[in-house]
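The numbers here are math on the coordinates, done by the rules we state, and not lab data. Worth saying up front: this structure is predicted, and the values here are computed from it rather than measured. Because the Cβ atoms are built from the backbone with ideal geometry, glycine has one as well, and the counts that use them run over all protein chains shown.
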């Protein structure tokens, strides 16, 4: 992939993003995360009563080759939740492999696969599901080892429906995708990987800028996907992707769940903090 022209980042912006992340953690969900091994922030007050839905976080980092480098907290990453828009990675792979869509083709709504993946277009992926059928999609998900591969609820089963996946399963799926180990054509896998490269080094979800990706060392842009859903009284926030530093490739998964109203960039904040701490961002 060719690295896009990176915008010049002012010193003030470099200060704003970490400060914003720290403030968000302190105000919104750091008290619950502190109990899971994340550091307590200065000036953090006591919570008044337990939250209706507990806040849980999982961050995983591994070499593309398979060696796990970071797991925080040490357990709790096997709980399955809705994949939300991160499912679009698997859906795009299946649709390309089944020749339902073409990587450079335009849908009836005027969108390409690149734009649909970059901005999480629900309509585009509903169309894919209608053309493939949920049964056939479920067969692909089984082959991918994608969570419970359950598409039986119909509708947007990936947004609060029957389909669920754990952070552990997301990591294994991504390692197979970026390692060319999934049972799809190499062209399909390459097209999806290229479509996940965010424009202008910005991580986006449903068309909104939610966090700067940070200054990647080596000039290689990140490959990322975010997912946000509030369903069944629980908020689910994801960010997953691939980062390159020198000759090494790192796969990461960040997942935060909690009460409805959890900040939409909660998983981004956790990922940013952990990747900086690991010396990758």
Taking N as its residue count, the alpha carbon Rg of region 114-154 over 2.2 N^0.38 Å:
1.23
Highest first, please rank the peptides 221-228, 67-74 by the mean number of other Cβ atoms sitting within 10 Å of their residues.
221-228, 67-74
At R0 = 51 Å, how high is the FRET efficiency between residue 148 and residue 276 if r is their beta carbon distance? Nearest 0.05 is fine.
0.95
